[in-house]
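Heads up: the structure comes next, in structure tokens.
The values are calculated or read from the model by the stated rules, or taken from the named source; none is laboratory data. Quick caveat: nothing in here was measured; it's all calculated off a predicted structure. Here Cβ is always computed from backbone atoms with ideal geometry, including for glycine, and neighbour counts include all displayed protein chains.
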Amino acid sequence: MMKKLVILGGGYGGITIAQHLMDKKNIPDDVEVVLIDRMPFQGLKTEYYALASGTVSDVDVRVHYPADSRLQVVYGEVSGVDLANKRIDFSGMESLEYHTLIIALGCVDKFHDIPGAEQYSNTIQTFSATRNTYQAVNDVKPYGQITIVGGGLSGVEMAAELRESRSDLKVRIIDRGPSILSAFPEKLQSFVREWFTEHDIEMKGNAILTQIEPGIIHNGVELIYTDATIWTAGIQPSPVVQKLNVLKDGQGRVLINELHQIPTFPDVFVVGDCASLTLSPSAQAAEGQGKQVVEVIHAQWKGEIPKLGQIKLKGVLGSLGKKSGFGVMGKKTVMLGKVPRALKSGVLWMSKRHFG
Ligand SMILES: Cc1cc2nc3c(=O)[nH]c(=O)nc-3n(C[C@H](O)[C@H](O)[C@H](O)COP(=O)(O)OP(=O)(O)OC[C@H]3O[C@@H](n4cnc5c(N)ncnc54)[C@H](O)[C@@H]3O)c2cc1C
């Protein structure tokens, strides 16, 4: 009987696994590889801020799945995983049984139980939500106001790109910390703050959001008027993972062993934003982990004991519109301005051409 190796999610983690499995040409005859996603292509999530702003179009942020006769691609909305019965459930589609499973379903927004936050803000966590955000922000009347909640990497990239897309708008970014990009070195933070000041983006720190209503954000007793709100203030693993009854970390990510498996269900690997790693969630971490999962699977096929090294990250690159940006290489090397922006375009160019 054929053994199904099923990859849930064709994002950065899932597609890395599919691609590396196909590259090696040593898939045993009795193994069938199945990739499942709700979308008919990979969405380049790291570029969703540009799709939302209207500076790139839909097709610019898609990558085709690998075309290979040994890879079966199934489109469907996964609704749950039954670990005990080794079964994947879908909305409106027959369930599927697996022999080995890789869960790489990414993350969704976390609204921290703030009333109205989910209902009255737009997000950039899924392709579909980003299309709605594009519509909402580009429909804002001339000289209207847009507020971005959350001053991390994606919020900062969103604010800068929006400025480039709509010079008429008042753009504001608010954060609960004292500064935007508080996880980054101070030199980088001050460069971005200066860029925001020069480009007329208002920064509001130490915010305590208590409620969002249509057109109004409540920051304690202060009322912030806004024509559209974009939420970039927190993530949590896919709802499918939220429902799994296994051990998780404080952020709801699945605890995994050194081979990236769920310790109590070693036939299930968890990858990317769904997995509890010491690294922050990122496309690079998901890809690095994906490569290691393929090493483990190959070793298992050969009856060997897998030996994995550390996942190595190259660094973080962020954009400030199309002409400027910032980056941190290793732990401390900061790059500012045109060079990191050009590097970021290069990384995107490579990820788009990865599959020919
Ligand atoms: C604006 C923005 C900028 C970013 N910039 C960077 C950056 O510069 N560098 C970096 O390293 N990281 C960056 N990140 C983070 C990075 O995008 C994520 O960490 C990365 O996408 C995680 O990969 P993943 O494989 O876990 O999930 P994803 O890449 O999100 O893939 C998940 C896949 O699962 C599918 N899926 C989800 N739920 C279901 C379901 N129920 N049924 C069927 N299919 C489903 C989705 O369609 C998707 O294809 C950024 C994120 C954002 C939002």
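Quick look at the values:
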item	result
Residue that is nearest to ALA129 (Cα to Cα) [pool: residues in region 28-52 that are in contact with a strand residue (DSSP E or B) (Cβ under 7 Å, 6 or more places away or on another chain) and more than 9 Å from the ligand (Cβ to nearest atom)]	PRO40
Any hit, region 182-195, residues being at pLDDT below 95 and hydrophobic (A, V, I, L, M, F, W, C)	yes
Hits in region 11-27 (condition: closer than 19 Å to VAL61 by Cα and assigned to a loop (DSSP other than H, G, I, E, B))	GLY11
Filter pass, THR55 being surrounded by fewer than 24 Cβ atoms within 10 Å (Cβ to Cβ) and of a type in the set (S, T, N, Q)	yes
Scope region 246-279; condition farther than 28 Å from PRO28 by Cα, surrounded by fewer than 19 Cβ atoms within 10 Å (Cβ to Cβ) and in contact (Cβ under 8 Å) with a residue 24 or more places away in the chain; matching residues	VAL246, LYS248, ASP249, GLN251, SER276, LEU279
Qualifying residue in region 106-117 (condition: touching a residue at least 40 places away in the same chain (Cβ under 8 Å), within 12 Å of the ligand (Cβ to nearest atom), among the hydrophobic types (A, V, I, L, M, F, W, C) and touching an Asp or Glu at 6+ places or on another chain (Cβ under 6 Å))	yes
The lone exception for SER95 - which of (1) within 9 Å of the ligand (Cβ to nearest atom); (2) within 16 Å of VAL240 (Cα to Cα); (3) not hydrophobic (A, V, I, L, M, F, W, C) it fails	(1)
Matching entry among LYS4, LYS86, LYS25 (being more than 10 Å from the ligand (Cβ to nearest atom), of a type outside the set (Gly, Ala, Ser), on the phi > 0 side of the Ramachandran plot and modelled with pLDDT of 95 or more)	LYS86
Residues of region 280-294 that turn out to be crowded, with 17+ Cβ neighbours inside 10 Å and either more than 16 Å from the ligand (Cβ to nearest atom) or not in a helix (DSSP H, G or I) (or both), as a count	2
Condition broken by SER167, with the remaining ones in (1) in contact with a strand residue (DSSP E or B) (Cβ under 8 Å, 6 or more places away or on another chain); (2) in a loop (DSSP other than H, G, I, E, B) satisfied	(1)
Sole exception among (1) among the β-branched types (Val, Ile, Thr); (2) closer than 20 Å to VAL268 by Cα; (3) more than 10 Å from the ligand (Cβ to nearest atom); (4) at pLDDT 95 or above for ILE103, by number	(3)
Unmet requirement for LEU35, which otherwise passes all of (1) within 19 Å of the chain's Cα centre (by Cα); (2) touching a residue at least 40 places away in the same chain (Cβ under 8 Å); (3) assigned to a strand (DSSP E or B)	(2)
Any pair with Cβ under 8 angstrom, 6 or more apart, that starts in region 222-241 at a residue that is over 22 Å from TYR48 (Cα atoms) and ends at one that is more than 16 Å from the ligand (Cβ to nearest atom) and not aliphatic (A, V, I, L, M)	ILE224/THR147; ILE224/ARG172; ILE224/LYS204; ILE224/HIS218; TYR225/GLN145; TYR225/GLY215
Conditions (1) within 17 Å of LEU153 (Cα to Cα); (2) within 13 Å of the ligand (Cβ to nearest atom); (3) out of contact with any helix residue (DSSP H, G or I) (no Cβ under 8 Å at 6 or more places or on another chain); number of the one not met by LYS314	(3)
Evaluation of LYS322 against (1) surrounded by fewer than 16 Cβ atoms within 10 Å (Cβ to Cβ); (2) part of a strand (DSSP E or B); (3) within 16 Å of the ligand (Cβ to nearest atom); (4) not polar (S, T, N, Q) (one fails), failing number	(2)
Matching option when the condition is away from the ligand (no atom under 15 Å from the Cβ) and either in contact (Cβ under 8 Å) with a residue 60 or more places away in the chain or touching a Leu at 6+ places or on another chain (Cβ under 6 Å) (or both), among GLY150, GLY155, GLY144	GLY144
Residue check for ILE224: among the hydrophobic types (A, V, I, L, M, F, W, C) and either over 21 Å from HIS112 (Cα atoms) or under 19 Å from the mean Cα position of the chain (by Cα) (or both)	no
Test: residue in region 333-343 that is in contact (Cβ under 8 Å) with a residue 60 or more places away in the chain and at negative phi	yes
